[in-house]
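Read through the structure below, which is laid out as structure tokens, and then see the notes.
The values are calculated or read from the model by the stated rules, or taken from the named source; none is laboratory data. Source: prediction; values computed, not measured. All Cβ positions, glycine included, derive from the backbone under ideal geometry; neighbour counts span all protein chains shown. Accessible surface is based on the protein model in full, side chains and every heavy atom, while ligands, DNA and RNA are left aside. Shrake-Rupley method; radii C 1.70, N 1.55, O 1.52, S 1.80 Å.
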Amino acid sequence: MSWTFDRAAIRAFRFTSKRFDPATGEIALGYAFVNHDGATSAELVERITVPGAPFTAVQPGSKDFDAAKAAAVDAALRLLHLVAGVSYYKAAAPSVIECADGPLDEATAGFVASVYENGLGEFAYRNGLDLRGHLAWPRCGAARPVAATLGLEAPGAFGRRALVAIGGGKDSLVSIEALRALGASPTVTWIGSSPLIRACAERTGLPTLNIIRALAPELFAFNREGALNGHIPVTAVNSAILVLAALLTGHGSVVFSNEHSASYGSLIPGTGEVNHQWSKGWDFERDFAALVRAQVAADFDYVSLLRPFSELAVARQFARLEQYDAHFSSCNRNFHLLGEKPTQRWCGACPKCHFVFLALAPFMPKPRLLGIFGRNLLDDASLAAEYDALLEIEGHKPFECVGEGRESRAAMAALAASPAWREDALVARFAASQQPALDPATLRLEPLLGPQGEHGLGTARMEALGAHFGA
């Protein structure tokens, strides 16, 4: 009898298997659901392919076999298996977790519990669930062996070989050009088949690595049969993929481009803070980097280059880069499209489009910005409610990767003082009916353009990056 998806019948989510094939570069991650009566679904197998095989250093019996590197790869594979399971777990969200490899050490169990509870915060809110303390992760209490030092290149300021993640938007391009300006030559890396991201990656002129990820096809069938669905912490999954890929391709560092604002969520009345981009925030970066150093490789470097900077500071830096105007897009709707590269890179209707337009406007000549977007979003009165949400004047911050309300308000105030922008419908509306009720001291751009908050860059890299930003 074939197993059919019935959320009410499911008792547990099981991590079944994980495999890496050094001959092909394919990673296979297996999961299953277990019913109350013991019936188990077929194994859901996700496949990830890292080009550049074979990887003889992790293949026992090879003359180039390196036991320390093989152990690091195994630990990174174990961590990826646990983190990537979030894509499948959410289909039923049971309270019981089972691991075929046995229980987890306390550090790992605590970390993955945080990823599932916080990373699925928006998913839980939208589905009326409470995942706090809901998941029973099997724990053994023992500690994992201390990670070995692999002899990776010392980074200096920016010298270590790095995979830098690219998403096709302004943030990753700012990081890439900062690394180039500071003497590094990173490998530009992305996961999936987006033609928009590929075009941006190729535009950099740097070495590229395109990793292929194929979700288990059964997941889509479960969705049609009534599985729960919603946002997952995709940056957490991508981070785990890139750490493993870096080890397999001889890189000692993974660089993301998550800024200070990513740590700030949406404040929901009666619920509290729900952060759409939790796995882009500082708490995730800090804890993930520490676990990688403790359990994968003691000298591995995982860092977000833009962590000390606001979205506005990043926008100012991007405005200095004109070579990507016809190639970049931060519109998430485009990245959900299948098929050929869309002719329009900006939908103009989503919160990302609205925010990026607003964030760039104080730093970019108006004709250039209108040329990028093809229209003036700030002169469209029908978008008033959408911009009010970004300003956090009416409603909460959208569930999107957008900046804080204080950044949007400061950007709008700067435009209200600009002859080029102040007569546009939404800018004029802000100046007339919203700005008078706000404290002028909170509307200044300058305090938002310098470094702020915690980061993992260290002194040398922070000084070099601050000088590059002019901060």
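Odds and ends about this structure:
- Accessible surface, 1.4 Å probe, highest first, among residues HIS354, HIS276, HIS327: HIS327, HIS276, HIS354
- Taking Cα centre as origin and charging only the Cβ of basic (Lys, Arg, +1) and acidic (Asp, Glu, -1) residues, the dipole magnitude of segment 285-424 rounds to 300 debye.
- Stretching the chain fully between ALA67 and ARG286 yields a gain of 76.1 nm (0.36 nm per residue, less the alpha carbon separation).
- Accessible surface for segment 170-273, divided over its residues, is 34 Å² per residue with a 1.4 Å probe.
- Taking all protein chains together and a 1.4 Å probe, the residues ILE191, ILE10 rank ILE191, ILE10 from largest to smallest accessible area.
- Solvent exposure, largest accessible area first (probe 1.4 Å, DNA, RNA and ligands not counted), of GLU400, GLU407: GLU400, GLU407
- Whole-Hz couplings from phi, Karplus 6.51/-1.76/1.60, listed for segment 117-123; x for Gly and Pro: 6, 7, x, 9, x, 5, 4
- Given [x] 75, 62, 44; [y] 67, 51, 50; [z] 69, 52, 43, the label whose value is Cα extents along the principal axes in Å derived from this model: [z]
- Taking trypsin sites (Lys or Arg not before Pro) in DSSP loop conformation with at most 16 other Cβ atoms inside 10 Å as exposed sites, the chain has its longest uninterrupted site-free stretch at 133-319.
- Residues whose placed amide H lies under 5 Å from that of SER266, excluding near-sequence neighbours: VAL274, ASN275, HIS276
- Of all accessible heavy-atom area on the chain, the percent that carbon and sulfur account for (1.4 Å): 52 percent
- Cα-based helix-to-principal-axis angle, 67-84 vs the chain, degrees rounded to 10: 60 degrees
- Reachable lysines, given that their alpha-carbon falls under 22 Å from the alpha-carbon of LYS366 and they are not under 8 places away in the same chain: LYS170, LYS352
- Global form of segment 205-335, assessed from the alpha-carbon gyration tensor, a/c cut-off 1.5: rounded
- The chain: angle of helix 405-416 to the longest principal axis, Cα-based, in degrees nearest 10: 30 degrees
- Angle of helix 170-181 to the longest C-alpha principal axis of the chain, folded into 0 to 90 degrees and rounded to 10: 80°.
- Scanning residues 5 or more positions from LEU44 or on other chains, those with amide H under 5 Å from its amide H are TYR31, ALA32, with H placed 1.01 Å from N in the peptide plane.
- Sparse-neighbourhood loop sites, GluC sites (Glu not before Pro) in segment 70-121 - DSSP loop, at most 15 other Cβ within 10 angstrom: none
- When the square roots of the Cα gyration tensor eigenvalues are ordered a ≥ b ≥ c, the ratio a/c for segment 46-179 is 1.5 or more and a/b does not exceed b/c, which makes its shape oblate.
- Over the chain, relative contact order from alpha-carbon pairs under 8 Å, at least 6 apart, %: 15 percent
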